[in-house]
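Enquirer: Mind looking over this structure? Questions follow.
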Amino acid sequence: MAQRGPEAPLARLGLKRDWDFLLHLPLRWVDETRLVPIGQLRPDEEQQAEGVVVACEVAVRGRRQLLARIVDGSGELLLRFFHFYPSTRQQLAVGRRVRVFGAVRGGLMGLEMVHPRVRPVREGEPLPQRLTPVYPTTAGVSQAMLRARIERALRGVEITETVPAELLQGRGLPPLREAILALHHPPPHADVGHLAQRQGPPWARVKFEELLAQQISLRTARARRAEHRAPRLAAGGRLAARLLGALPFTLTAAQQRVWREIAADLARVVPMQRLIQGDVGSGKTVVAALAAAQAIGTGYQAALMAPTELLAEQHFGRIAHWLRPLGVEVAWLAGKLPSGAKRAAREAVAAGRAQLVVGTHALIQERVQFAKLGLAIVDEQHRFGVAQRLRLRAQPAAGDTPHLLMLSATPIPRTLAMSYYADLDVSGIDELPPGRQPVVTKLVAAARRDEVLATVRAEAARGAQVYWVCPLVEDGEDESTAELTAATRMYEQTRRLLPQLRLGLLHGQLPAAEKAAVMQAFARGGIDVLVATTVIEVGVDVPRATLMVVEHAQRLGLAQLHQLRGRVGRGAGKSYCVLLYDEPLSEAARERLRILYETTDGFEIARRDLQLRGPGEFLGARQSGVPMLRFADLEQDAELLELARDVALRMLAEHPAQASAHVQRWLGERADYLVA
Ligand code: ADP
Ligand code: MG
């Protein structure tokens with residue numbers, strides 16, 4: 001049955017229990033503790049005045065409006081209403097005494113307030129002792145209603161501490177009750193500007209509580225995971241060693257260290273949940289392939305999922321090239337396969353004939369049943385939502401939970417690693433294969449595109465290969481037709497301007513086979529300039545390509561530009577990235593381009609990106625289940641986050657009942673999400 005009354009819109013705001021109301025904190029505060037004599041009202045400020053109504057009439061001056069005048073002995077104030085009810089007129093009947101609150105402005109007829117808040121009062125009625133809160137709200141919920149409901153919660157709930165006092169001693173945080181009351185009803189002298197910025201001890205206390213709830217729930221989820229059993233994938237070391245021996249290069253020290261960490265995880269019965277984090281070009285794929293080999297060598301299956309068909313195809317090609325000679329059966333599964341081929345792949349996986357299956361989202365969408373999945377690998381994990389990542393692992397594997405390995409070039413800043421990703425073990429490949437030189441970045445205004453064409457000509461003449469990327473939209477997994485047109489147009493134009501060069505065109509809407517053919521031709525060196533949409537953004541690896549040109553670079557985000565730039569500088573040759581931008585540049589775009597120009601360090605770029613955009617990019621598209629922070633800010637409140645982490649550990653160890661009461665208080669029903 002549909003809910004009636006104010007409950008439904010309140011529930012939409014997430015407000016059900018008393019604690020939800022207590023933790024629904026004001027956006028700002030207004031000062032109704034003072035009365036300003038009408039003669040001393042200042043224009044352009046919100047103020048409160050009191051007076052007796054001397055006139056009230058409905059007038060039509062362009063628009064129908066209610067005009068009332070009040071006086072207090074020091075002056076006269078006009079009140080103007082364009083929308084009003086009969087009750088408004090009653091409140092403003094001549095002779096009534098009213099308190100009005102609103103922004104004052106200077107009008108033709110002296111000072112006035114438009115749509116002030118009006119309250120009838122008796123003479124000498126006491127003023128509030130505290131500032132008045134203004135709460136975030138939604139259609140169907142008035143401030144007055146919210147205030148009343150929150151007042152009721154404040155009166156009805158005993159605000160107890162869940163955190164044992166000794167854990168917070170000497171931290172300068174006020175008691176919780178004091179903090180919550182101070183935020184709902186700050187004293188008149190409080191600095192409301194400061195408060196609205198969420199600064200000061202009461203906010204620090206509440207933010208700490210929020211971070212603590214997050215830390216406890218993430219750690220609880222991690223502990224629950226440890227209760228699942230995973231297959232022990234230890235015996236497969238031989239196959240992994242053979243793969244290692246067959247590689248045309250030796251692992252870097254960082255790759256070796258990460259591989260050891262993963263091999264050790266796989267040999268345990270606790271399901272691994274590990275992220276390999278390494279900047280673009282650091283060589284994550286081969287480490288994932290080694291992990292797959294270890295699973296397969298032990299008699300289990302492995303699955304590798306990539307966010308784009310192009311990347312999945314490339315992985316399939318490369319990994320099959322490595323593993324097939326060792327006798328491993330590798331299958332390919334993508335959404336665009338003909339249904340017969342798809343069915344055959346599914347059957348091979350279900351029967352256990354396919355030992356490794358590489359593919360796209362199809363792996364989780366096409367009802368794939370694994371005979372014996374031991375390891376799920378997700379490349380470019382930030383491109384997937386949490387639910388999608390976990391679904392690949394949710395495949396039944398003889399009653400066991402498969403191990404999960406994720407790869408990402410988008411570094412997780414430390415604060416995020418400690419918060420949203422606290423449930424993850426992270427291995428960093430912090431070293432590039434030998435001989436790589438940092439990519440040189442150039443910022444060029446679009447007006448100077450001729451110079452870029454000259455550079456392309458010169459580079460190609462030396463045998464270098466070039467990517468020419470034409471993005472139009474910043475995100476969107478599906479390319480817009482506009483983007484396609486842009487790439488096609490660019491292709492035609494460039495072909496005319498560079499008639500002596502071999503050009504290729506690549507976009508997401510090409511049939512899979514054609515896409516693969518173009519990519520292979522480029523990888524073989526049969527194409528000099530590959531004009532492409534942002535489909536090549538992630539993962540694509542052609543070491544001979546040394547020049548990347550990005551059109552309309554100002555439209556792309558930092559992470560995306562860093563990824564695109566990472567397509568070059570993958571071999572021993574000196575590489576360049578030219579970011580073509582259109583003028584005028586917005587302040588934000590200028591800042592992004594400057595950051596890219598200044599650094600090639602993925603960590604630094606991620607940190608700056610977090611500052612500019614907040615955590616969304618890092619968390620992936622749909623972080624279902626992970627509660628977002630409402631009050632705390634990971635960058636600004638890093639210290640509180642650290643404290644929350646330490647306190648969470650101690651509470652879980654020494655005061656588990658209080659730890660779960662704390663999470664319950666903050667998350668209520670949502671507390672279960674995390675464990676799913
Ligand atoms: P990413 O970490 O961006 O996914 P890749 O796994 O695609 O990087 O590797 C980038 C390139 O470096 C590939 O051509 C790969 O074969 C090569 N590579 C990986 N490890 C090494 C190594 N230790 N020495 C030399 N080349 C390597
Ligand atoms: Mg990669």
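The values are calculated or read from the model by the stated rules, or taken from the named source; none is laboratory data. Small disclaimer: the values here were computed from a predicted structure and weren't measured. Every residue, glycine as well, gets a Cβ built from its backbone with ideal geometry; the counts of neighbours run over all protein chains shown.
Enquirer: Name the single residue that is farthest from the chain's Cα centre (by Cα) among those in the stretch 42-54 being more than 19 Å from Leu131 (Cα to Cα) and not in a strand (DSSP E or B).
Expert: The extreme case among them is Arg42.
Enquirer: Right, Gly245: in the same structural domain as Gly359 (by TED's automatic domain parsing) and within 16 Å of ligand 2 (Cβ to nearest atom) or not?
Expert: On the way: in the same structural domain as Gly359 (by TED's automatic domain parsing): yes; within 16 Å of ligand 2 (Cβ to nearest atom): no.
No, not satisfied.
Enquirer: What number of residues within the stretch 1-41 are farther than 29 Å from Glu178 by Cα and at pLDDT 90 or above?
Expert: Residues that pass the stated criteria total 6.
Enquirer: Quick check on Val550: is it within 14 Å of ligand 2 (Cβ to nearest atom) and under 24 Å from Gly525 (Cβ atoms)?
Expert: The answer is no for Val550.
Enquirer: Could you pull out every one of the strands (runs of 3 or more DSSP E) wholly within the stretch 424-481 that has 3 or more residues that are modelled with pLDDT of 85 or more and within 16 Å of ligand 2 (Cβ to nearest atom)? Quick ask: steps written out before the conclusion?
Expert: Numbers: elements: 425-429, 440-445, 465-469.
Strands (runs of 3 or more DSSP E) meeting the threshold: 425-429.
Enquirer: Please work out which one of (1) more than 20 Å from Ser419 (Cβ to Cβ); (2) surrounded by fewer than 23 Cβ atoms within 10 Å (Cβ to Cβ) is the condition Leu183 fails and give its number.
Expert: With respect to (1) more than 20 Å from Ser419 (Cβ to Cβ); (2) surrounded by fewer than 23 Cβ atoms within 10 Å (Cβ to Cβ), Leu183 is out only on (2).
Enquirer: Residues of the stretch 204-249 being within 16 Å of ligand 1 (Cβ to nearest atom) and loosely packed, with under 14 Cβ neighbours inside 10 Å, which ones?
Expert: Across the stretch 204-249, the qualifying residues are Gly245, Ala246, Leu247, Pro248, Phe249.
Enquirer: Given the conditions (1) in a strand (DSSP E or B); (2) touching a residue at least 24 places away in the same chain (Cβ under 8 Å), report the number of the one that Glu57 does not fulfil.
Expert: Condition (2) is where Glu57 drops out.
Enquirer: Is it the case that the stretch 271-278 has a residue that's crowded, with 23+ Cβ neighbours inside 10 Å, in contact (Cβ under 8 Å) with a residue 24 or more places away in the chain and farther than 24 Å from Ala221 by Cβ?
Expert: Yes; the residues of the stretch 271-278 include at least one that is crowded, with 23+ Cβ neighbours inside 10 Å, in contact (Cβ under 8 Å) with a residue 24 or more places away in the chain and farther than 24 Å from Ala221 by Cβ.
Enquirer: Here are some conditions: (1) of a type in the set (A, V, I, L, M, F, W, C); (2) closer than 18 Å to Leu211 by Cβ; (3) without any contact (Cβ under 8 Å) to a residue 12 or more places away in the chain. Leu173 meets all but one. Which one does it not meet?
Expert: Of the numbered conditions (1) of a type in the set (A, V, I, L, M, F, W, C); (2) closer than 18 Å to Leu211 by Cβ; (3) without any contact (Cβ under 8 Å) to a residue 12 or more places away in the chain, the odd one out for Leu173 is (3).
Enquirer: Return yes when Pro231 is away from ligand 2 (no atom under 16 Å from the Cβ), out of contact with any Asp or Glu (no Cβ under 6 Å at 6 or more places or on another chain), outside any helix (DSSP H, G or I) and at pLDDT below 95 and no when it is not. It would help to see each step written out before you state the result.
Expert: On the way: away from ligand 2 (no atom under 16 Å from the Cβ): yes; out of contact with any Asp or Glu (no Cβ under 6 Å at 6 or more places or on another chain): no; outside any helix (DSSP H, G or I): yes; at pLDDT below 95: yes.
Answer is no for this residue.
Enquirer: Still on this structure, please answer the following. Anything in the stretch 28-50 that is surrounded by fewer than 16 Cβ atoms within 10 Å (Cβ to Cβ) and in contact with a helix residue (DSSP H, G or I) (Cβ under 7 Å, 6 or more places away or on another chain)? List them, or say none.
Expert: Arg28 - this is the single residue of the stretch 28-50 that is surrounded by fewer than 16 Cβ atoms within 10 Å (Cβ to Cβ) and in contact with a helix residue (DSSP H, G or I) (Cβ under 7 Å, 6 or more places away or on another chain).
Enquirer: What's the total number of residues in the stretch 258-280 that are of a type in the set (Val, Ile, Thr) and either within 10 Å of ligand 2 (Cβ to nearest atom) or in a strand (DSSP E or B) (or both)? Show your work before the answer.
Expert: The first filter runs over the stretch 258-280 and keeps only residues of a type in the set (Val, Ile, Thr), leaving 258, 262, 269-270, 276, 280.
Narrowing further to those that are either within 10 Å of ligand 2 (Cβ to nearest atom) or in a strand (DSSP E or B) (or both): 276, 280.
Total satisfying the criteria: 2.
Enquirer: Report whether or not Gln388 is at pLDDT below 90, in a loop (DSSP other than H, G, I, E, B) and either away from ligand 1 (no atom under 16 Å from the Cβ) or in contact with a helix residue (DSSP H, G or I) (Cβ under 7 Å, 6 or more places away or on another chain) (or both). Lay out the reasoning, then the answer.
Expert: Details: at pLDDT below 90: yes; in a loop (DSSP other than H, G, I, E, B): no; either away from ligand 1 (no atom under 16 Å from the Cβ) or in contact with a helix residue (DSSP H, G or I) (Cβ under 7 Å, 6 or more places away or on another chain) (or both): yes.
Judged against the criteria, Gln388 is not a match.
Enquirer: Run Thr137 past the list (1) of a type in the set (S, T, N, Q); (2) under 22 Å from Arg34 (Cβ atoms); (3) not assigned by TED's automatic domain parsing to the domain that holds Gly39 and report the number of the one that doesn't hold.
Expert: Of the numbered conditions (1) of a type in the set (S, T, N, Q); (2) under 22 Å from Arg34 (Cβ atoms); (3) not assigned by TED's automatic domain parsing to the domain that holds Gly39, the odd one out for Thr137 is (2).
Enquirer: Testing Ser339 on (1) surrounded by fewer than 15 Cβ atoms within 10 Å (Cβ to Cβ); (2) modelled with pLDDT of 90 or more; (3) over 30 Å from Ala241 (Cβ atoms); (4) not basic (Lys, Arg), one condition comes back false. Which one is that?
Expert: (2)
Enquirer: Right, next: Can you name the number of the only condition in (1) hydrophobic (A, V, I, L, M, F, W, C); (2) at pLDDT below 85; (3) away from ligand 1 (no atom under 11 Å from the Cβ) that Met548 fails?
Expert: Looking at each condition in turn, Met548 falls short on (2).
Enquirer: On to the next question. Identify the residue in the stretch 300-332 that is within 15 Å of ligand 2 (Cβ to nearest atom) and not in a helix (DSSP H, G or I) and, among all such residues, is surrounded by the fewest Cβ atoms within 10 Å (Cβ to Cβ).
Expert: Only one residue tops the list, namely Pro307.
Enquirer: From the set of residues in the stretch 427-464 that are under 30 Å from Leu251 (Cβ atoms) and touching a Phe, Trp or Tyr at 6+ places or on another chain (Cβ under 8 Å), which is nearest to ligand 1 (Cβ to nearest atom)?
Expert: Step one: filter the stretch 427-464 for residues under 30 Å from Leu251 (Cβ atoms), giving 427-441, 463-464.
Filter again for touching a Phe, Trp or Tyr at 6+ places or on another chain (Cβ under 8 Å), leaving 433, 439-441.
Details: Pro433: 3, Val439: 13, Val440: 19, Thr441: 18 Å.
Restricting to residues being under 30 Å from Leu251 (Cβ atoms) and touching a Phe, Trp or Tyr at 6+ places or on another chain (Cβ under 8 Å), the top hit is Pro433.
Enquirer: If Ile595 meets every condition in (1) part of a loop (DSSP other than H, G, I, E, B); (2) within 30 Å of Asp430 (Cβ to Cβ) apart from one, which number is that one?
Expert: (1)
Enquirer: Another one. How do the pairs read when you match residues in the stretch 36-52 that are without any contact (Cβ under 8 Å) to a residue 40 or more places away in the chain with residues anywhere that are part of a loop (DSSP other than H, G, I, E, B) and surrounded by 13 or more Cβ atoms within 10 Å (Cβ to Cβ), using Cβ under 9 Å and keeping only pairs 6 or more apart or on different chains?
Expert: Pro37/Asp72; Pro37/Ser74; Pro37/Gly75; Gly39/Asp72; Gly39/Ser74; Gly39/Gly75; Gln40/Ser74; Gln40/Gly75
Enquirer: Pairs, please: C-beta under 6 Å, at least 6 apart or cross-chain, first residue surrounded by fewer than 23 Cβ atoms within 10 Å (Cβ to Cβ) and in the stretch 452-475, second among the basic types (Lys, Arg) and modelled with pLDDT under 90?
Expert: Between residues of the stretch 452-475 that are surrounded by fewer than 23 Cβ atoms within 10 Å (Cβ to Cβ) and residues that are among the basic types (Lys, Arg) and modelled with pLDDT under 90, the close pairs are Glu474/Arg555.
Enquirer: Further, regarding this structure: Among the candidates Gly297, Gly335, Gly283, which residue alone is in contact with a helix residue (DSSP H, G or I) (Cβ under 9 Å, 6 or more places away or on another chain) and within 16 Å of ligand 2 (Cβ to nearest atom)?
Expert: Numbers: Gly297 fails: within 16 Å of ligand 2 (Cβ to nearest atom); Gly335 fails: within 16 Å of ligand 2 (Cβ to nearest atom).
Answer to the check: Gly283.
Enquirer: Find the residue count for the stretch 553-592, including only residues that are away from ligand 2 (no atom under 16 Å from the Cβ) and more than 24 Å from the chain's Cα centre (by Cα).
Expert: Initial filter on the stretch 553-592 (away from ligand 2 (no atom under 16 Å from the Cβ)): 553-558, 561, 572-592.
Next cut, more than 24 Å from the chain's Cα centre (by Cα) only: 572-585.
Result for the stretch 553-592: 14.
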